[in-house]
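Heads up, the thing below is written out as structure tokens.
The values are calculated or read from the model by the stated rules, or taken from the named source; none is laboratory data. This is a predicted model, so every value here is computed, not measured. Positions of Cβ are backbone-derived with ideal geometry, glycine not excepted, and every protein chain shown enters the neighbour counts.
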Amino acid sequence: MNNEEIRNSFRNSNWLKDPFYWFSCISKIYDTDEGFSRELVVRALENKNFLSDIYKDILDELVVQVGLYPYIVNLHGLSFRNALIHASHNINGVMSDYTLHRAQYRILGRLLDGESIILSAPTSFGKSLLIDALIAIKNFENIVLILPTLALVEETRRRMSKFSQFYSIVTSSNQKITKNNIFVLTQERYLSMHDKIFKVDFFAIDEFYKLSIDGDGSRATQLNQAFFKLLKTESQFYLLGPSIKAISPNITQKLKCNFIIEDFHTVAVEVNYLTKKPNKIESLAAFLDKENEPTMVYCQSPKSTRELIREYLKIRELPISNDPEIIEAAKWTAEQYHDQWLVSVALRYGIGVHHGKLPRALGRFMIRAFEEGKLKILLCTSTLIEGVNTTAKNVIIFDNKLNRKLLAFFTYNNIKGRAGRMFKHFVGKVYLFDPPPEENLPFVDMPIVNPTLDTPSSILIQFDRSDVPPNLIQKYDGFNIQTELPFSLLKSNSGIEPEFLINTARHLNNLNIHYLMKLCWSSNPSYEQLLFSSEIIWSELGGKSFAKPMSSAKMMTKWISDLYHSRSVTKFRSVKIQEQINYYKNPKSPDDAVEDVLSFLRNWASFNYPKYLMTLNDIANHILIKKGYSSCNYSYFAATIENLFLPDSFSILEEYGLAFEVAEMLIKKRVFNKDDNIDEIFNRLKKNEISRFASGLFEKRMIEDFQVGIGQKIDKNIIT
């Protein structure tokens, strides 16, 4: 028999008629094809409950043979030798309940020996667990973990909370730094506070492939800059990411590290096809009619998720969810945002939605509810692979595109890797409407290690001149000798390309005194001053590219001004949503209105706008002082907008899963004060049974989930 015929015997459970024969086959296959034998063991584990005890013991012996040690839950049936092997793969310290598989153990050994490692491995490998194991065993003082998204920062922080007895877990500059710290940060946050971290013993970068300049170039540029500064600490490092083809061969030599590609899978994956007849929506609906396992559906954009929900609800009369928390969640989102917002509508029918425009606390709820089985269907965009570490029995790739381009094999592979989960879904299933992309994994280069003519200038200027390649010296020197702005100012505003900074300075230098004085403000600008600043950010600093859904500098000014004068994010959100729906020239649907406002608040007002405004502040001050005029100071206004007129701590609380609205309610109940720092708030929220202040089950569970995330022990018997 060939491999596919053998695989079919395990698919249709024929092997259960003669387990001994098939176990013998697996043992023989192991000698020539370890990976395939491991897959067969995983497939056998899916039906382990149908075996008699004697065959269960034999299967456990095979589990040890192929290195899947975590799957052993009963040591009594193992031979003495295999029991010792299993025991040797247990982790010490606070993680004594964890067991590593063979490949994890091998890599951990090298990390414990002090090696720096770049690891490429499948989604199911358990790459992040090696960080936890290393921390549990070694006595590091300061650890820096760089994550590409705030969702992954929150997920990692929750994992790190098991070390809170020994380390301060720091996720923002507002928190106190002690002797022993685990810094869990995005690249932007690390760059903003790296000078406060005096000693680094070990650092890790998750999703290291994002060091390649592709797609969101701005974030990749800042990730390279963070990597550059961390390399300067000369500490041990671990870069981890999904399966890639290779890295530049000189990287390991330059960084004195080792690159490892692993193909060790802990779950099996089946790929199946769904018909497009009579259409994709009907085919998907027919599949969901008969499927009761948790299913994630990949869509290319938030708009695509809405279209899918709308069409699905047209052709199916679905029952309303009978889960009390989901019912309340649907009601809560309808009241807070809009009752026709399809995210809220979908919740009524037990369907979750996750994409980058959702408020973070709501996104956290969607993932938790899906993992708890309260939501059987979860529609995701690229957050499925970039910001969410969750898996399902079934993954359906509804759209074969991302950002209007056909899915690359690398992206497809990562989406596919979300099917299956250790101990729960041994065999994950992927369903396609279109043929998969041609197999072609990416080659990853790191501009900070190998700069070229295409390397962004903001990366190049971070180098010492002696480290700049000869073919880039002229470009480097050009930034150093230009007279518009000091070289140090270009380096310190690394989030924006220096060409934009220099062009902006040149523009300001050419202004007459009347216009230049419009930049000379502090604290609270007039509307005219705000508009003038916005026009420079829009047209000179390059803000136009990042200001979605803004369509002009005037619109940006109006929304920022309205937000400022409302002094309430809840009030602003409600008014702006209704304004857009009722706009006489171009009325928007409730979906577009809600998600435009949410996108503005999350991506522009509280992230990009303050960055651009403070960069303009630095440039304007240089010009004003050089010309003999009074300086400006935009820091108060920028910080106020960034925090959405809420206390500094609120944005951190929302990242931890507590919605703004709930945090405001807790302040009104005097659980904590708006002037408390984040560490004081955490201590108060850990000690108080604050869930009693919730208005219903949805808020109660949100509060309890938040408390678990900061280390509070919740009695699971009282969670309903």
Give me the pairs: first residue in segment 661-676 and without any contact (Cβ under 8 Å) to a residue 24 or more places away in the chain and part of a helix (DSSP H, G or I), second residue crowded, with 17+ Cβ neighbours inside 10 Å and among the hydrophobic types (A, V, I, L, M, F, W, C), beta-carbon distance under 7 Å, and six or more apart or on different chains, which are they?
-> Ala663/Phe650; Ala663/Leu653
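Among residues belonging to segment 136-146 that are at pLDDT below 95 and of a type in the set (A, V, I, L, M), point out the one that is surrounded by the fewest Cβ atoms within 10 Å (Cβ to Cβ).
Restricting to residues being at pLDDT below 95 and of a type in the set (A, V, I, L, M), the top hit is Ile137.
How many of the residues in segment 284-293 are closer than 25 Å to Arg7 by Cβ and surrounded by 13 or more Cβ atoms within 10 Å (Cβ to Cβ)?
Total satisfying the criteria: 2.
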Within segment 188-197, can you find the residues that are out of contact with any strand residue (DSSP E or B) (no Cβ under 7 Å at 6 or more places or on another chain) and in contact (Cβ under 8 Å) with a residue 12 or more places away in the chain?
-> Glu188, Arg189, Leu191, Ser192, Met193, His194, Lys196
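A quick yes/no check of all residues on (1) buried (at least 22 other Cβ atoms within 10 Å of the Cβ); (2) modelled with pLDDT under 95:
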site	(1), (2)
Glu528	no, no
Ser533	yes, no
Ala547	yes, yes
Ser551	no, yes
Tyr564	no, yes
Glu579	no, yes
Gly417 vs (1) surrounded by 17 or more Cβ atoms within 10 Å (Cβ to Cβ); (2) more than 30 Å from Asn250 (Cα to Cα); (3) of a type in the set (Gly, Ala, Ser): all pass except (2)
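Let's see how each residue does on (1) touching a residue at least 24 places away in the same chain (Cβ under 8 Å); (2) outside any helix (DSSP H, G or I); (3) over 17 Å from the mean Cα position of the chain (by Cα); (4) under 23 Å from Phe682 (Cβ atoms):
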position	(1), (2), (3), (4)
Lys127	yes, yes, no, no
Leu130	yes, no, yes, no
Ala133	yes, no, yes, no
Phe140	yes, yes, yes, yes
Val144	yes, yes, no, yes
Pro148	yes, yes, no, no
Val153	yes, no, no, yes
Thr156	yes, no, no, yes
Ser161	yes, no, yes, yes
Residues of segment 571-588 being under 16 Å from Thr333 (Cβ atoms) and of a type in the set (Ser, Thr, Tyr), which ones?
-> Ser574
Have a look at Lys585, Lys548 and point out the one that is over 29 Å from Asp618 (Cα atoms) and in a loop (DSSP other than H, G, I, E, B).
-> Lys585
Starting from residues that are among the polar types (S, T, N, Q) and at pLDDT below 85, keep the ones in segment 642-669 and report whichever is surrounded by the fewest Cβ atoms within 10 Å (Cβ to Cβ).
-> Ser651
(1) among the small types (Gly, Ala, Ser); (2) without any contact (Cβ under 8 Å) to a residue 40 or more places away in the chain; (3) buried (at least 16 other Cβ atoms within 10 Å of the Cβ); (4) closer than 30 Å to Asn512 by Cα all hold for Gly543 apart from (2)
Could you identify the single residue in Val345, Val395, Val353, Val388 that is β-branched (Val, Ile, Thr), at pLDDT below 95 and out of contact with any His (no Cβ under 6 Å at 6 or more places or on another chain)?
-> Val388
